[in-house]
Amino acid sequence: MADPGGSQRTALLAAASLFPVPDGATFSYGTAGFRADGSTMAPAVCRAGIVAALRSVKLGGAAVGLVITASHNPVGDNGVKIVDADGGMMSQAWEPFSDALANAPTPDALLQLVLQFAKDEGITLGGAHSAQVLLARDTRPTGEYLLDVATKGISAIVGSVALDMGILTTPQLHWMVRNKNRGLKASEADYFTQITESFRHLLELTPDDKGIDELNEKLIVDGANGIGGLKLEQIKPNLARLDILVRNSGKEGEGILNERCGADFVQKEKVLPLGFGPNDVGVRCASFDGDADRLVYFHVTSPSKTSVDLVDGDKILSLFVLFIREQLDIINGKDNKGLLPTRFGVVQTAYANGASTEFLKNLGLEVVFTSTGVKYLHKKALEYDIGVYFEANGHGTVLFNDDFVSRLESLTARLSEAAGSPQKQAALRLLATSQLINQAVGDAISGMLLVEAVLQHKRWSFQNWCDLYTDLPSKQLKVKVKDRTAIVTTDAERKVCQPSGLQELIDKEVVNYSHGRCFVRPSGTEDVVRVYAEASTVEAAESLAKSVARHVERILGFC
Ligand code: 16G
Ligand code: MG
């Protein structure tokens, strides 16, 4: 093993000794980083700092990100996730090492793991190569302490620099890392300027004959008492043609982070978040999660009811798809053979409501499926000129391939003589969209602004949007079993291949239901097996989910 020098060894041993892993604790990087009760997170966060710094060294000193957040989880939890140099999630190839490092039982075991990994990856330790890690955190009470812990982990790799970017939404940090490594402006002020300017630009490109009425301007946003509401308050004055009221804004004393509010709560429970009531009937409402990377919309249906009409990630995706498709049709004609033939793809997961998939397929679009988790969807969407992905839970974005954006720019330049031509307008709308919507990761604030711009473009009410298609009733259940990893899935988690026999039992249940669909998968964030069922009525979806849950319990052993 190459000797990195005494100071490097000493630094790693010292950092590991500061935050030992308690007996019995295990950390797993999971679907989106390490997460647990905030007070127990220090060992995993320190070690994630080490991983992030190593990743930056490996990538020739490119900036890597580290964000302290537990997203939509309760306020007492916290977590850490690493942002790769392209602004996306950390390479999955590094997850096993991250897990091993987080669980290294002694300082010496940690040192040996780092030395071996550095050797395997061809990373030169000892400070000969620089590294930089951009840090951010959300508003959780344990955030400041854990950010300091992460800094200690980063400093344990000699030659690395930790840059604290402050309290940010998760997508802001992803955006900054991506921009910095592309040599673009990357401050928070730059982020705000980019999204507010491109939003204004998109509104200017709204067809002239289409004005807006007062109701359409009004929007109430549930900020989950997290960071997204605070940031939205900051940019609100710069958003033309939108009258935004932020509730659960995250200001001192307003309420508890994610408690009976936020995108996860509204999407799962389909009821009003705290702070919303009868006076909001008929007003368009949106909800962010605690770190503002998820977005859903809803309507208060009647003064006497707490249930909501929900517009989830699938319907946000459908709205974006319609808008982009309209612009592409203007440029290319329906046969896609015009000025800018475009590979346009849509990515969903098994959780996408069957009605949304049917709607998209009926538009003649290519719809592909991946496993649950942003890292899988994002990777797939990158394969297209324009790739749109969303999870039903509201996490998603629209990715524009670099080469496609260059072609779009030269097309708009070529079309310059016909400044007012429909094709030029459509091309400019696509360019503004590529600037507005976060290219690194799903982003509730920029996603919301795109929704608002598209609704104004189409002059659509919330109801028009809801009526795109009717969701099939669905039911989700959690089953606690002895070992959830005994379930192995295939076909983007839509089929079980282990334990044998389970898929056949699911199939036998499904055939008894009209529009029946059901799948089971081990959760990546909780120690449970998740069951999802869909059918033509609420009762049928519930009954299907229950029958399949019983099979899971019986075969895997209930606990
Ligand atoms: C995480 C994922 C989310 C996924 C969810 C599934 C990211 C940023 N977040 O929150 O995409 O839908 O996990 O959770 O990747 P589950 O595996 O417990 O069902
Ligand atoms: Mg989140």
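Tabulated values for the structure
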item	result
Taking Asp108, Asp84, Asp23, Asp471 and counting other C-beta atoms within 10 Å, the order from fewest to most	Asp23, Asp108, Asp471, Asp84
Only Lys, Arg (+1) and Asp, Glu (-1) charged, at Cβ; the chain dipole about Cα centre in debye	540 debye
Pairs from Lys236/Lys268; Lys334/Lys424; Lys58/Lys119; Lys81/Lys375; Lys268/Lys315 whose Cα-Cα separation, in the structure shown, is over 19 Å	Lys236/Lys268
Rg followed by Dmax, in Å, when segment 339-479 is reduced to its Cα trace	16.4, 63
Under 19 Å from Lys379, Cα to Cα: aspartates and glutamates that are on another chain or at least 8 residues apart	Asp84, Asp86, Glu95, Asp293, Asp314, Glu366, Glu391, Asp402, Asp403, Asp443, Asp491, Glu493
Virtual spin-label span in nm between Leu245 and Ala100, 7 Å along Cα→Cβ	5.6 nm
Modelled FRET efficiency - R0 25 Å, Asp108 with Val161, Cβ distances, 0.05 increments	0.40
Residue-averaged [θ]222 nm for the chain, counting only DSSP H segments that reach four residues, each worth -39500 (n - 2.57)	-12500 deg cm²/dmol
Residue list for segment 386-429, given a label point 7 angstrom along the Cα-to-Cβ vector of Asp329 and an amide N cut-off under 11 Å	none
Modelled label reach - Glu233, point 7 Å along Cα→Cβ, segment 280-302 residues with backbone N closer than 18 Å	286-292
For Asp222, distant residues with modelled amide H under 5 Å away	Arg247, Ala286, Ser287, Phe288
Centre separation in Å (Cα based) which lies between segment 450-515 and segment 160-192	34 Å
Efficiency of FRET between Asp37 and Ala486 - r from beta-carbon atoms, R0 25 angstrom, step 0.05	0.40
Residues Ser421 and Ala25, FRET efficiency given R0 of 60 Å [Cβ-Cβ distance, rounded to 0.05]	0.45
Gain on full stretching of the segment that runs from Asp527 to Asn362 - 0.36 nm per residue minus C-alpha separation	55.6 nm
Rounded, prolate or oblate (a/c below 1.5 giving rounded, otherwise prolate when a/b exceeds b/c) for segment 206-334 by Cα gyration tensor	prolate
Burial ordering of Ser523, Ser98, fewest other beta-carbon atoms within 10 Å first	Ser523, Ser98
For the chain, the Rg and Dmax computed from alpha carbons only, in angstrom	23.9, 72
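All of the numbers you see were taken from the coordinates with simple rules; none came from a lab. Since we're looking at a predicted model, the values are computed, not measured. Neighbour counts are summed over all protein chains in view; Cβ atoms, including those assigned to glycine, are modelled from backbone coordinates with ideal geometry.
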